[in-house]
Amino acid sequence: MSETDLTDVEDLDDTVHFPVEEIVQYPLPGCVLPVSPTFSPDDELVSYLLSPDYTKYKKVFIFDPNASERELEFGAPTEGIDDSNLSPERKLLERLKERGLGVTSYEWVKTNSRRKAIMVPLPAGIYIHDFYYSETELKVPSTPESPIVDPHPSPDGSMLSYVRDCELHVVSLIYYGVKQLTYGAKKDSLTHGLAEYIAQEEMERKAGYWWSPDSEYIAFTEVDYSEIPLFRITRQGEKSVGSEAQEDHAYPFAGASNVKVRLGVVSVFGGSTTWMDLVCGGKGHEDNEEEYLARVKWMPGNILSAQVLNRTHTKIKILQFDITTGERKTLLVEENETWINLHHCFTPLDTRLAEFAGGFVWASEKTGFRHLYIHDASGTCLAPITDGNWMVEKVVGVNEARGLIYFTGTFDGPLESHLYCAQLFVDGSEPLEAPIRITRGKGKHLVVLDHQMERFIDTHESLDDPPQVVLCSLHDGRAIFTLYDQPLPFPRFRRLQLKAPEIVEIQAKDGTPLSGLLYKPDPSRFGPPPYKTMINVYGGPGVQFVSDSWLHTIDMRAQYLRSKGILVWKSSHGQTICMLDVSFICMKKTLMLDNRGAGRRGLKFEAPLKYNLGQVEGDDQVTGAEWLIEQGLAEAGHIGLYGWSYGGYLSAMTFSRYPDMFKCAVAGAPVTSWDGYDTFYTEKYLGLPSKEEDAYENSSVLNHVHKLQEGRLMILHGLIDGNVHFRHTARLVSALVEAKKPYELVIFPDERHLPQLNKSRLYMEQRISDFIDENL
């Protein structure tokens with residue numbers, strides 16, 4: 001789509017009316033689209049979640065590609081539920097990056113006949129909707145006092161599993177009957193079948209139990225919190241002052257002990273648990289070789305595998321277990337002196353080819369870029385499947401019969417994401433052929449393959465194109481049917497005169513290429529540059545922000561700032577966070593830059609951050625500011641910083657380290673001293689506090705605020721933030737007071753890590769807007 005199409009505003013006045021309320025208005029332009037698309041077990045139907053009335057409330061839709069019909073099959077009994085009265089359990093789903101209401105998840109239930117069914121968990125319990133009878137049954141009721149957590153149907157569709165009161169249960173979907181499988185749990189100290197905080201927040205492991213392929217066994221974790229001191233959060237904004245206004249979190253701080261995790265297997269028909277020969281964590285502060293249970297996966301033949309990471313993140317093992325005895329053997333060991341990045345690319349094979357029988361596909365960064373390798377049953381690497389100065393992101397499908405593997409990656413550049421295909425069975429004697437790109441159109445592609453490896457659902461978007469959802473052929477990528485399309489221009493898009501940012505490339509001081517996003521004010525309204533400038537930062541390791549994505553075009557804070565004549569420069573910010581926090585960004589000219597350490601560019605690009613948090617990222621952001629000044633776009637003394645979470649840390653840190661470059665800074669929910677953050681994340685990049693004292697000292701904002709000259713710092717934080725505790729802001733304020741430095745503080749008594757309530761977000765945006773107007 002051309003720029004003319006994006007800015008066709010001939011019927012609008014010269015002065016754009018862009019009130020601050022537009023930043024928080026839901027939905028964002030072009031963002032009402034199907035999510036969580038999937039195929040039915042027989043691949044005849046496509047399902048997804050969608051809000052038909054453009055609200056946060058989603059429902060399940062079913063689409064028949066053969067009949068070209070879309071039909072609402074299941075609605076949600078969610079009357080009376082809104083952002084202000086969610087249960088504590090539902091509010092904590094913020095950790096799972098879930099902000100929708102109504103139906104937020106569902107799964108197909110496999111059946112042995114033409115009948116089809118889906119499972120939908122709701123506050124009232126678990127519902128099963130049978131399409132054949134058009135009936136919806138509340139299969140297992142739930143109560144606020146004893147909620148159902150993480151339900152899943154068995155692979156054969158005969159049973160349903162869930163966790164209740166920290167214990168694992170199953171219920172038959174054929175004959176009524178509930179069976180409790182685990183015993184001995186203790187609230188707040190011992191759980192069965194639930195992932196611990198570190199697994200959910202840092203390891204991208206949301207599950208605490210896993211069905212065997214034959215539906216006869218369940219592997220599960222036992223998590224022992226008993227030796228983790230509880231961190232108490234008091235909900236100061238409530239009327240009550242009793243225990244009901246308090247939350248106790250088993251939060252493992254850097255350098256302290258982690259929870260102890262065991263892995264067990266139990267029959268779904270009941271009986272005793274067989275414990276695998278593995279205990280992770282719970283062994284003090286030293287470099288334990290088996291500290292974190294990172295991944296669990298069943299292999300053919302009911303063999304259980306687990307990926308185990310050491311405390312310093314430099315060694316990972318793949319272990320195999322005999323589930324009848326718990327005995328183990330080591331399948332693979334990989335080491336990297338920088339760090340190990342976890343992934344979901346481990347793929348067991350079920351081929352009959354003798355050479356590869358019992359083998360698997362594994363992804364390694366041993367060349368500096370994540371690539372796929374095929375291994376035999378003993379773990380020996382036979383040959384690479386992919387190679388080059390680009391990375392594989394995720395394995396999305398394997399067709400062993402045709403000898404093909406499908407994956408997403410950055411072969412066409414780190415600013416895009418595409419679906420590719422490569423030969424699975426390679427002998428290693430010939431140079432590898434380049435992967436075949438299947439997706440069409442520039443930008444980002446999120447794909448879901450069908451079970452027969454014939455078609456895929458492609459959610460595609462770019463800076464110039466809002467997301468569309470298309471059913472495509474897996475053979476050549478051609479479109480079969482458009483499930484959802486959003487042609488521009490939208491009325492709101494035209495009215496606000498939104499314009500896609502410009503992607504630019506600059507060089508770090510060492511010559512490393514860095515990508516940035518630039519939002520320029522309209523020169524016909526504000527005259528030629530230089531402009532007042534806000535730099536939106538994130539900068540955290542392993543996270544990418546700058547990309548060819550629609551999310552940047554509808555970054556409403558950036559567009560708001562641009563509409564006021566501020567240049568916005570956007571710096572590295574996580575894609576996941578961007579999805580949640582895309583409305584939290586700008587006001588005048590804005591620039592965003594992916595500093596060294598950002599993700600999707602290889603391990604060498606990430607490595608400079610080791611033992612150097614807050615240093616290299618800040619240096620690169622200053623390089624971006626200097627580039628803006630050299631280009632005549634910005635003016636020294638009129639540049640500010642903004643960020644949230646790690647971006648809040650980097651905003652405060654860079655503002656303190658470079659007081660002559662920046663006029664003001666906004667720091668949202670900032671980490672201020674890394675000894676107050678969790679073990680997994682902090683120690684991966686800074687090491688153990690007892691061994692790397694200088695790294696912790698240099699990376700703390702508290703040790704740099706005395707350098708602040710003129711300028712102002714605004715800090716925003718939720719009092720009940722369970723991720724970056726408000727304690728970080730309190731410590732920063734103490735340091736500022738001691739150094740006699742001015743600051744502004746905005747607190748949200750009823751908010752966690754990201755403000756959720758509309759009133760909170762609107763108040764926040766107005767305060768940030770006023771602060772920038774007064775201080776830039």
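Just a few scattered comments:
- Test for VAL724: is it of a type in the set (A, V, I, L, M, F, W, C), buried (at least 21 other Cβ atoms within 10 Å of the Cβ) and not in a strand (DSSP E or B): yes
- Among the residues listed as ILE480, ILE503, ILE457, the single one being out of contact with any Pro (no Cβ under 6 Å at 6 or more places or on another chain), β-branched (Val, Ile, Thr) and not assigned by TED's automatic domain parsing to the domain that holds LEU517: ILE480
- Looking only at segment 204-224, and only at residues there that are surrounded by fewer than 20 Cβ atoms within 10 Å (Cβ to Cβ) and in a loop (DSSP other than H, G, I, E, B), the one that is nearest to the chain's Cα centre (by Cα): GLU204
- Per the listing GLY632, GLY648, GLY624, GLY643, the residue uniquely buried (at least 24 other Cβ atoms within 10 Å of the Cβ) and outside any helix (DSSP H, G or I) is GLY643.
- Qualifying strands (runs of 3 or more DSSP E) (wholly inside segment 103-173; at least 3 residues being farther than 28 Å from ASP53 by Cβ): 148-153, 159-164, 167-172
- Residue check, TYR175 free of Cβ contacts under 8 Å to residues at least 60 places away in the same chain, among the hydroxyl-bearing types (Ser, Thr, Tyr) and buried (at least 20 other Cβ atoms within 10 Å of the Cβ): no
- Spans of strands (runs of 3 or more DSSP E) in segment 331-431 with at least 2 residues of a type outside the set (S, T, N, Q), touching a residue at least 24 places away in the same chain (Cβ under 8 Å) and buried (at least 20 other Cβ atoms within 10 Å of the Cβ): 360-364, 371-375, 392-399, 404-409, 418-423
- Taking every residue in segment 46-61 that is outside any strand (DSSP E or B) and pairing it with any residue that is crowded, with 21+ Cβ neighbours inside 10 Å, at least 6 positions away or on another chain, the pairs with Cβ-Cβ distances below 8 Å are SER51/LYS58.
- Any hit, segment 242-259, residues being farther than 30 Å from LEU719 by Cβ and surrounded by 19 or more Cβ atoms within 10 Å (Cβ to Cβ): no
- Applying the set (1) under 30 Å from LEU419 (Cβ atoms); (2) modelled with pLDDT under 95 to SER473 leaves exactly one unmet item: (2).
- THR55 being under 24 Å from the mean Cα position of the chain (by Cα), outside the structural domain of GLN766 (by TED's automatic domain parsing), of a type outside the set (Lys, Arg) and modelled with pLDDT under 85: yes
- Which listed residue, of SER142, SER146, SER189, SER161, is farther than 14 Å from ILE126 by Cα and either of a type outside the set (Asp, Glu) or modelled with pLDDT of 95 or more (or both): SER189
The values are calculated or read from the model by the stated rules, or taken from the named source; none is laboratory data. Since the structure is predicted, the reported quantities are computational estimates derived from the model, not experimental observations. Reconstructed Cβ throughout: ideal geometry from the backbone, glycine too, with neighbour counts over all protein chains shown.
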